[in-house]
Amino acid sequence: MKRSKFKIYFAVPFVSLAVILLADIIVMRLKDSSASVPVLYGALAIALIILSAGTFLYVRYFRRNLVEYGVGFNLAQKEILSILQVPYAVLDSDTTILWSNYEMQDILDEHGKGAKKLNELFPNITKTVLPTVETDVVFHSTIDGHYYKIILSAIDVPAFDRNLEKVAEQNSSMIAAYMYDETEIENLKVENFNMQMIIGLLYIDNYDEVLEVVDEVKRSLLTALVDRKLNRYMQSMNAVFKKLENDKYLFIFQKKYLADIKKTGRELLADIKKVSTGNTEVGITISMGLGITSHDYAKSYEYARAAIDLALGRGGDQIVIKEGDDITYIGGNSASIEKSTRVTARVKAHAMRELIEAHDDIFIMGHSISDTDAVGSAIGIYRIASSLGKNVHIVLNETNAGIAPIVNAFNASSEYPDDMFIGNIKAQEMARPDALLIVVDVNRPVRTECPELFDLIQTVIVLDHHRVTGDSIKHSVLSYIEPYASSASEMVAEILQYMGDDVRLRPIEAEALYTGIVVDTNNFITKSGVRTFEAAAFLRKNGVDITRVRKAFRSDMNEYVTKARAVSSTEMYMGGFAFAECKPEAVETPTVLGAQIANDLLNIKGIKASFVFTDYNGKVYISARSIDEVNVQIIMEKLGGGGHLNIAGAQLEGVTIKEAEQRLKQLLSDMTANGEL
């Protein structure tokens, strides 16, 4: 219907009203004329009849044209939706497609294969997630490599009776579906993600040590072989590879190659170890640290530095990937190589002495449930600080049977103050920000005797022989962590030799350090290197009585019987893993006994690794041991623990021993399937 007709239809009522008013005026003016009254009334009646008939015809014609206009407008609107470039459809409450435009139909024909319902194309669109009138629903789905964003809007459709009266109780809901093809955007996101740059650092762990055992004429050949393998690997992922020093490299590559490093990193580590300068493999190992951020390259380099430090602190021969707080470890199956040089020990000793001299109050603590190594190394540090005239305290909460002979000997001696050993409550009361905190035999705050001290004391020194983890102590002013060392007591014994003539060990202190080495090395069987025996020799010179040490740490009958029962009930898993349970009946130190049982199981042929479970104080303690075939440290790390390649442990809360065993069995199966063991 044309717009001009609308004007006529709207003008007719006003014209009719004007005619009636004009007739009324004429009648009023001529009412006194008797001759004209009949004529006027007759004319008025005829006009009213004509006007009524015209109005009736006008209403019918207007309604018909109005309906025609509405139908035409609806058809035009439908045509507009049909040719709309955005896929659009109308659904019922069962996601059945009632109507769809051309774009939507093309998608249905291409991907739907005659689908009558939208959830046949997108299964995640179910009745339970359909929109309401108040809230739209948005979905993101993928079909045949295409990414779509689907918006569903509920439409409340009222029902009318034949008199166009709205019937509210018969309202029904329909759903409008809009789809947007986001394939190009998603592909650009993936491309942008893959093109992000990752900064990495690569160090040769034992460069100097290897060169010492290689003939001088073959040293250049050895370096060339290593460089060639590394360059070939870096070229495979189009990396920028730059040599910073003889044993240090910087490389930059695109993020899309990160998955390749995770997949082939172990092969690279193994390939480098096979480098040969003749008939002999020299055993070179490398470590890599990768730092990942979105676009902050300075932060990425900072993460790479932290990652390479973490790799070296864990003994090298591994790849560490740091992305924010998330840390991934690859490799680390080789034993740490003992360094013959003592330069690091001498440098750390001098730095430690300077820090001790700069503070009046010194607090020393090891890990919770202390063992002989933690107490022995703490006593060694105590001798250094007390010799320098400082006020020193060792934080120790409980004296278990394992350390009782040492602690009781010092408590009984009149040469040592009563507050040499203090609990964590008293330590917190005495702590001051300007004091010095020295942590030994542990590098994780949550495992220390008193984690609260880190908030009370600003200056911290860490001395440990365990491999570092992602939650290690941060912001220490001096960190001396050597995974190749047999024990913290060995490290302290070395430091003592560079402290000067004014620091001299007493026999009782030397015996405490010696005991720490003996227990951690299982009588010099495990992780005992040249420097271990040199440290033991130094302690022997300072008055260690081996007979007294041996007698002080003999097992009682209950412990021996418990060991025998645990060994006799050992279960073998996957042919080489021994599972045993330590039942602490009438045993004062069940966790220490569990470690001893794990050591004893390794004396049985065919056992690659031993795992002993001990239920103690609401936790299940796992002691893990191996000789050389299995890296128990990476196994325990996956359970929240840590340690060394062949000596490690973990603590599980809220589980039974059977549940802990099942978790470990599943982990061993998964790691074996993934090639990690």
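Computed from the coordinates by the stated procedures, all read-outs in this text should not be read as laboratory data. It should be emphasised that the depicted structure is a prediction, and the values quoted were computed from it without experimental measurement. With ideal geometry, Cβ positions are generated from the backbone for all residues, glycine too; neighbour counts draw on all protein chains shown.
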Quiz item: Using the beta-carbon distance between residue 574 and residue 501 and R0 = 45 Å, what value does 1/(1 + (r/R0)^6) give for FRET efficiency, to the nearest 0.05?
Solution: 0.20
Quiz item: Just how many % of Cα pairs in segment 461-516 lie over 14 Å apart, if you round to the nearest whole percent?
Solution: 61 percent
Quiz item: Over all pairs of distinct alpha carbons, what does the Kirkwood formula give as the hydrodynamic radius of segment 343-552, in Å?
Solution: 16.8 Å
Exercise. Loop only per DSSP, at most 16 neighbouring Cβ atoms within 10 Å: give me the trypsin sites (Lys or Arg not before Pro) in segment 554-605, ordered by residue number.
Key: 554, 605
Quiz item: How many nm is it between the label spots at residue 560 and residue 638, if each spot is 7 Å from the Cα in line with the beta carbon?
Solution: 3.9 nm
Exercise. Go ahead and collect, in residue order, the members of segment 370-384 whose backbone nitrogen is under 20 Å from a label point 7 Å along the Cα-Cβ direction of residue 411.
Key: 370-380, 382-383
Quiz item: Given a Förster distance of 41 angstrom, what is the FRET efficiency for residue 270 paired with residue 124, based on the Cβ-Cβ distance and rounded to 0.05?
Solution: 0.40
Quiz prompt | Model label zone, residue 671; criterion: amide N under 17 Å from point 7 Å along Cα-to-beta-carbon; scope segment 231-273 | solution = 266
Quiz prompt | Segment residue 137-residue 354, length gained on full extension (0.36 nm per residue, minus Cα span) | solution = 71.6 nm
Exercise. Among the listed pairs 348/541; 116/149; 117/149; 299/638, give every one whose C-alpha distance is greater than 21 Å.
Key: 348/541; 299/638
